[in-house]
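Asks: Here you go, one structure.
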Amino acid sequence: TRDTCQRPDLSGSARNSALTGNPDCYKTFISKRQRCLLNVSNTEVYKNAHHSLGRFSFCSWTQWKKTPSFQISSAGQPHSQPRSAWDTQIFRYFHTSPSFQAAPVPLFWIIIKPAQKLLAIILGRSIRNWWKALPPNKRELLKQSARKNKWKILLGVSSLGVLFVMFYFTHLEETPMTGRPRLLVFGKEHFRELSQMEYDMWMEEFQSKMLPETDTRYQVVETVLGHLSESNKDIPQISALQWVIHVVDEPDINAFVLPNGQVFVFTGLLDAVSDVHQLSFILGHEIAHAVLEHAAEKASLVHFLDFLSLIFLTLIWAICPRDSLAVVGQWIQSKLKEFVFARPYSRILEAEADKVGLQLAAKACVDVRASSVFWQQMELARNIQGEPKLPEWLSTHPSHENRAEHLDRLIPEALKIRESCNCPSLSGPDPRLVFKRNIQYLLELSKDQETSNSTKQELSKPKPDFPPK
């Protein structure tokens, strides 16, 4: 509604810069495996954005072998420039961190998780050895006793199941903004402490790679994020946090936001986006993760599933006749838990962050149509580099194609939100149509070149000499 929209402070005309129709741009991109970023002719749309700071997480599993550098001219306009090849890497979250007088509850459960599994294995193995050591007559007596008291045993197991169900439903909360019911076991104050520890870890990791505030790339991120937070300050979860920006000089196409508002953006992401509209959507996606408290939600689900799996882990080690079979059973259980529950749930959270992030970008008067173009570009780069396409069910994130299609379905609603916020009308062609048209042109051009090359090869073949008749 209009009363919930924060009218952005615009000075100058806002122009779309999402891959406007120059086929040579894509031609260079395909032939040299490099991104071609078009000049942003006017970035005044973000000029007067509030000077605030931000943070959450974006992760693409596509590794780019070559990317152009995202540079800003003295006038504050991005332009493309080729950059040397880098091999990207995936950073892990396990690092040393300063000790605390009292560990937060989530960290406590993380620490004792291996001990819980070990105890479950020892208990199950002890039950199995105890059963094997029993004389045959005692085993038969125990079986007869179990059959006589089967209803009592069934009642006890059912009572345990009821306790788990009651625990689940008594810890349900509504997700902010979307109203989706979700399990939340850990308190918010505990995750603030944990996010501070993670922040210290990242600062230790990237201390020597942080861009200064005077760097133009830092200023672009600061301006975009400040405009997003200012335009959505009517949302309590956004206005309550102090968003702090950190730009890391690393080639990874990545960004993430911690629950305490610390924002990390990698320069590889700045190289990958084509304009400020795509960057605004990605940062909106990461802010959505923090606003929706996805970190606490995911940790709660993992903790709940781990606790349930301890029962099955004990049964596996108690029932399997040999340790080798128990190890196989434990591995199958862990994979089922991961691929049936954990990863699908992670993809649901990513899709929800895309939806809310698109709404945040719409309220900031961003050209939301550029959001799906970004994922189409990522899919194009993956195809060009010949990287294998893994099934979506193996990933914690939706595939590039599915993300683009999902965003295309959400864009009409986002455009209505943008219109309700009295944003300037969008000028220029739809960047999605421009991208599609240029890709079709390049495919046709590529086919023509292949036909021409094959013809030249045929003509260059030596002709056989036939003897005269």
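The values are calculated or read from the model by the stated rules, or taken from the named source; none is laboratory data. Because the structure is a prediction, the values reported are computed rather than measured. Cβ: placed from backbone, ideal geometry, glycine included. Neighbour counts: every protein chain shown. Surface areas here come from the heavy atoms of the whole protein model, side chains and all, with no ligands, DNA or RNA. Shrake-Rupley method; radii C 1.70, N 1.55, O 1.52, S 1.80 Å.
Asks: Hey, how many Å between the Cα centroid of the range 346-414 and the Cα centroid of the range 228-300?
Replies: Their Cα centres are 15 Å away from one another.
Asks: Return the subset of Lys233/Lys355; Lys233/Lys416; Lys113/Lys355; Lys117/Lys150; Lys209/Lys298; Lys298/Lys337 for which the Cα-Cα distance in this structure is over 24 Å, preserving the input order.
Replies: The answer is Lys113/Lys355; Lys117/Lys150; Lys209/Lys298.
Asks: Under a straight-distance cross-link criterion of Cα-Cα below 12 Å, which aspartates and glutamates are reachable from Lys436, leaving out those fewer than 8 residues away in the same chain?
Replies: Filter leaves no residues.
Asks: Follow-up. Name the residue farthest towards the positive end of the dipole of the range 188-446 from the options Val328, Leu426, Gln242, assuming +1 on Cβ of Lys and Arg, -1 on Cβ of Asp and Glu, about the Cα centre.
Replies: The residue sitting most towards the positive pole is Val328.
Asks: Hey, another quick one. Probe 1.4 Å, all protein chains in place: accessible area of Trp331 in Å², nearest 10?
Replies: Counting only protein heavy atoms, Trp331 exposes about 150 Å² to solvent.
Asks: Say each of Ile332 and Leu308 gets a label point 7 Å from the Cα, pointing the same way as Cα to Cβ; how far apart are those two points in nm?
Replies: 1.9
Asks: Measure off, as a whole percent, the carbon and sulfur share of the 1.4 Å-probe accessible area of the range 210-273, all protein chains present.
Replies: Using a 1.4 Å probe with all protein chains present, the range 210-273 comes out at 47 percent carbon and sulfur.
Asks: Toward the positive end of the charge dipole of the range 124-215, about the Cα centre and with charges on Cβ (Lys, Arg +1; Asp, Glu -1), which of His171, Gly156, Leu183 goes farthest?
Replies: Of the candidates, Gly156 comes out farthest on the positive side.
Asks: Same structure, new question: Quote the accessible area belonging to Phe312 in square angstrom, nearest 10, computed with a 1.4 Å probe and with ligands, DNA and RNA left uncounted.
Replies: Spelled out: Phe312, probe radius 1.4 Å, area about 120 Å².
Asks: With every protein chain present, what accessible area does Lys138 have (1.4 Å probe, heavy atoms only), rounded to the nearest 10 Å²?
Replies: Using a 1.4 Å probe on the heavy atoms, I get roughly 110 Å².
Asks: Expressed as a rounded percentage, what relative contact order does the range 188-446 have, with Cα pairs under 8 Å and six or more residues apart?
Replies: 17
Asks: Still on this structure, please answer the following. Out of all Cα-Cα pairs in the range 367-426, roughly what percent, to the nearest whole number, are more than 20 Å apart?
Replies: Value for the range 367-426: 38 percent of Cα pairs lie more than 20 Å apart.
Asks: How are the C-alpha pair distances of the range 188-446 spread across 10 Å bins, as whole percents from the shortest bin up?
Replies: All Cα pairs, binned at 10 Å, distribute as 6, 25, 31, 22, 11, 4, 1, 0 percent.
Asks: If you average 1/r over every pair of different alpha-carbon atoms in the range 107-205 and take one over that average, what Kirkwood value in Å do you get?
Replies: Here the Kirkwood hydrodynamic radius works out to 18.6 Å.
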